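Structure record follows, encoded as structure tokens.
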């Protein structure tokens, strides 16, 4: 695929920036240093580090041998990076970066979050490998997703890593799994859910439908661990960025009704926008496709004002003075704030509150009676508690301290597996948009670093095996969800979880790569 710019590792892992993991091995090492004599502590440090480096060397040699990599500086650095990355041990990875890629030392926790997301990589094949550069196809250990790693090293004897790029690949010829019959795929899907649930990796609900009718649905784990309430099919799960599908649908509905044009600039609907230069330049199309340079909302400002941000206009007041993070239209970069602005456009173009509009024009026509974005301080029947991990501990805690006041046009609402199937059925059945505008909404327009295309609030991907699916995912601490509408096979895959990513994402990918082509 063609990318708009080189995709560095940091760009690929940015969507999971909230999730920071620290290795259990590192904590155990810290505890072992509670010595009374300084000399004994130093001895233990040296001994432990020697053992860690010896382990890393053995794993590195194993990677070289298993992948049939040539004996070149680039191949050696690639295999050594994979060995360190795959251990999931922060200490080992940090030691490797300090020696071989010092520019990445400050990003070690981001890289550890990426490791948690992917589970590590296994090399599938070597595309090309020379003295100073190497390209390989890898598979995520947590899913069937494939990626391409390109590494370039310095020609001087230390052979420091000059550049490393990781991008998803959609080449169906590299698919590591084979298509199954529906019965076989559903059985495998159920077994994967049961295994993940028993191992504490999944808690939530899942559904597969064919031509609008469920062929499998089940729920696992607890919606509330304190009161021991189990998850059910009607449990309401927080869905993160999946709300973007509703916002984009609303925008295209208004375009279909002639109330806005997709090439209109932001300033046409928000004439009092604080940064008028940005508002005059960025278009609705660019905001819908994450090519507007609107930036994000998460960071220190959000943490400071999290519970004060009660309306979409509150977000505009906080972030509206910023300029574009890049020239609008020049490339793709995921932007939550861009979808906040789209929510304000919905309000201006429809003369309705955003939440009222999506209820009346999307949720009600689709029959989605359990989907909304009511404030967190309001009691909502059957709404699950989200549970987020605590670093290296096996324990988890509720995620209420991370949640916004309420969900927005960018994400954070809640739904059920039944409601999301109702949404998928209404969309493909043209209850929400006519056929032309449904295609406009869901057809990919911009390449992304993940290897798919982004449409208007929908991802548009080709699964391993060559099946097209569109939909959207959502993830943050204590929540993860995926909706995949696969055409022309007629399958819809929905997985919602009240635990950290990639609990739902990996399972949805598992199903999408195994269900029949038709």
Being touching a residue at least 12 places away in the same chain (Cβ under 8 Å), touching a strand residue (DSSP E or B) at 6+ places or on another chain (Cβ under 9 Å) and over 25 Å from residue 438 (Cβ atoms) is the requirement here; does residue 502 meet it?
yes
Give just the number: which of (1) part of a loop (DSSP other than H, G, I, E, B); (2) modelled with pLDDT of 90 or more; (3) in contact with a helix residue (DSSP H, G or I) (Cβ under 9 Å, 6 or more places away or on another chain) does residue 143 not satisfy?
(2)
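Quick grid of which residues meet (1) surrounded by 18 or more Cβ atoms within 10 Å (Cβ to Cβ); (2) touching a helix residue (DSSP H, G or I) at 6+ places or on another chain (Cβ under 6 Å); (3) at pLDDT below 95:
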| residue | (1), (2), (3) |
| --- | --- |
| 151 | yes, yes, no |
| 157 | no, no, yes |
| 167 | yes, no, yes |
| 172 | no, no, yes |
| 184 | no, no, no |
| 187 | no, no, no |
| 195 | no, no, no |
| 207 | yes, yes, no |
Checked segment 76-95 for anything assigned to a helix (DSSP H, G or I) and surrounded by fewer than 22 Cβ atoms within 10 Å (Cβ to Cβ); matches are 76, 80, 85, 86, 87, 91, 94, 95
Filter the helices (runs of 4 or more DSSP H) completely within segment 210-328 down to those with at least 3 residues that are modelled with pLDDT of 95 or more and surrounded by fewer than 17 Cβ atoms within 10 Å (Cβ to Cβ).
276-281, 312-319
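The values are calculated or read from the model by the stated rules, or taken from the named source; none is laboratory data. The structure presented is a predicted model; accordingly, all values stated were derived computationally and were not measured. Because the Cβ atoms are built from the backbone with ideal geometry, glycine has one as well, and the counts that use them run over all protein chains shown.
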